[in-house]
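I have placed the structure first, in the form of structure tokens, so that the comments after it can refer back to it.
The values are calculated or read from the model by the stated rules, or taken from the named source; none is laboratory data. Remember, it's a predicted structure, so these values are computed and weren't measured experimentally. Note that we place each Cβ from the backbone using ideal geometry, even for glycine, and neighbour counts take in every protein chain shown.
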Ligand code: NDP
């Protein structure tokens, strides 16, 4: 007999189970019976416990918290959750990019920094990274880039030759690869890194005026990184090091926070700015657009169930609330499509009905049915327009922000701006921002990484790539990779 306080095991249909230990058999030694619905359900459900892992950003950690708008930004945006004093519940998920679900946390990689704000005007998702830039600027190269970072088709192993082959044939990657090979490529904890919206977005105020903006979430814990050796040691000591650190900090009441700083550009300035302001491989120098503090986010609650709340969390850059809109950044335009598309494949078409993805504001949509759909609008009309009181769009109040564009249909690089150059900003980072120790570590991290199985002509291109970032860095890399031997010319 059970202790009366202990709940009785049941099937998923709520029928009491006869045993937690024994299958139904013909005699103690006989074969099992198909009529043992309880055990069959248990085995069948187990076979279906996984959803496909994310094709990128598979290994991640997440927590809940809130965002508090601390300054008046009404001159730039009408977004309700950014009104001074507003507190908005939110979810954050931080992740590595290339590793699979069980991979180690501290490997060299950019980190995803995905945020979901449950606002009164619907969910706002900002799906960025711990770097303000990215490897490429056109989404047509994205799957090729990721293939070069993942496993080879023949050996099923990761391959540094593929990575450097792709990077050196894609010079626009130089800025992000500089970040990646610096000690920022191995953050000490998830709490000790900044998060960036990375793309340029549009903000629109109540009067309809438009601005271009960039988001910078600066860690209040301070930026701290592992050296290459420290990160490697953690890979074997504790593959879940970052996950453990975030969880333990929140559990102990040491709630991590980030201050949100914005860069704001007047709409008209974009056309003639010295860099293309929509190119994801570039930052806006702080001297031109000084960051302005506008709020703070804090993570104060661990998930109760990792699978339900983090593995099934679905972030999508297309979720923008009134007052926030896309820019013509081509990578952002591609991601507006690809995120909801992957969620429909990975979780199912009704992923927005899962509690972690549901908005707190009411949903009045004409979408219906499909696998696992369970909330619905009763006998509400299923088409618009209708004359039976179904929801109706308010085209005046929720107008899309508009601007004039003309152009020929073509495949092309962005229109150049005066100082656009793939190697200029990483060179500035190397010469003017990194400390002497940072520069030493950058050079040795590159040499360590590019010493692993590169073909000679790829090695030669690696040296040329870094020479173009900075001649001194190129010389250090050449020295480290040559081992005193002559190297082939690029
Ligand atoms: P600033 O000197 O005004 O700013 C440089 C910024 O670099 C800092 O504010 C800091 O921003 C970031 N930084 C500091 N240490 C490191 C590091 N070890 N690795 C990477 N970034 C670091 O210069 P500019 O704005 O003119 O930018 C100069 C270069 O700095 C850029 O080419 C870019 O490579 C890099 N940078 C610029 C950022 C920007 O948005 N303007 C943001 C980050 C880097 P933070 O605290 O946000 O990390």
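Side notes on the structure shown:
- When residue 340 is tested against (1) modelled with pLDDT under 95; (2) buried (at least 16 other Cβ atoms within 10 Å of the Cβ), only condition (1) is not met.
- Unmet requirement for residue 447, which otherwise passes all of (1) more than 16 Å from the ligand (Cβ to nearest atom); (2) not in a helix (DSSP H, G or I): (2)
- Looking across the range 78-101, the residues that are within 18 Å of the chain's Cα centre (by Cα) and assigned to a loop (DSSP other than H, G, I, E, B) come down to 97, 98, 99, 100, 101.
- Residue check for residue 236: closer than 25 Å to residue 439 by Cβ and either assigned by TED's automatic domain parsing to the domain that holds residue 65 or surrounded by 19 or more Cβ atoms within 10 Å (Cβ to Cβ) (or both): no
- Filtered residues of the range 49-77 (kept if part of a strand (DSSP E or B) and either exposed (fewer than 13 other Cβ atoms within 10 Å of the Cβ) or without any contact (Cβ under 8 Å) to a residue 40 or more places away in the chain (or both)): none
- Considering (1) within 16 Å of the ligand (Cβ to nearest atom); (2) touching a strand residue (DSSP E or B) at 6+ places or on another chain (Cβ under 8 Å); (3) under 26 Å from residue 208 (Cβ atoms); (4) assigned to a loop (DSSP other than H, G, I, E, B), the lone condition that residue 288 does not fulfil carries the number (2).
- If you filter the range 428-438 down to residues that are more than 8 Å from the ligand (Cβ to nearest atom) and touching a residue at least 12 places away in the same chain (Cβ under 8 Å), you find that the one that is farthest from residue 228 (Cα to Cα) is 431.
- Test: residue in the range 460-470 that is farther than 30 Å from residue 203 by Cβ, without any contact (Cβ under 8 Å) to a residue 60 or more places away in the chain and loosely packed, with under 13 Cβ neighbours inside 10 Å: no
- Those residues of the range 365-380 which are surrounded by 10 or more Cβ atoms within 10 Å (Cβ to Cβ) and in contact with a helix residue (DSSP H, G or I) (Cβ under 7 Å, 6 or more places away or on another chain), in sequence order: 373
- Test: residue in the range 108-116 that is within 14 Å of the chain's Cα centre (by Cα) and farther than 23 Å from residue 188 by Cβ: yes
- Looking across the range 148-197 at every residue that is part of a loop (DSSP other than H, G, I, E, B) and within 10 Å of the ligand (Cβ to nearest atom), the one that is farthest from the chain's Cα centre (by Cα) is identified as 182.
- Any hit, the range 374-393, residues being assigned to a loop (DSSP other than H, G, I, E, B) and within 28 Å of the chain's Cα centre (by Cα): no
- Any hit, the range 236-255, residues being within 10 Å of the ligand (Cβ to nearest atom) and modelled with pLDDT of 95 or more: no
- Qualifying residue in the range 314-322 (condition: touching a residue at least 60 places away in the same chain (Cβ under 8 Å), more than 19 Å from residue 128 (Cα to Cα) and surrounded by fewer than 17 Cβ atoms within 10 Å (Cβ to Cβ)): no
- Condition met for residue 46 (surrounded by 10 or more Cβ atoms within 10 Å (Cβ to Cβ) and either closer than 30 Å to residue 345 by Cβ or at pLDDT 95 or above (or both)): no
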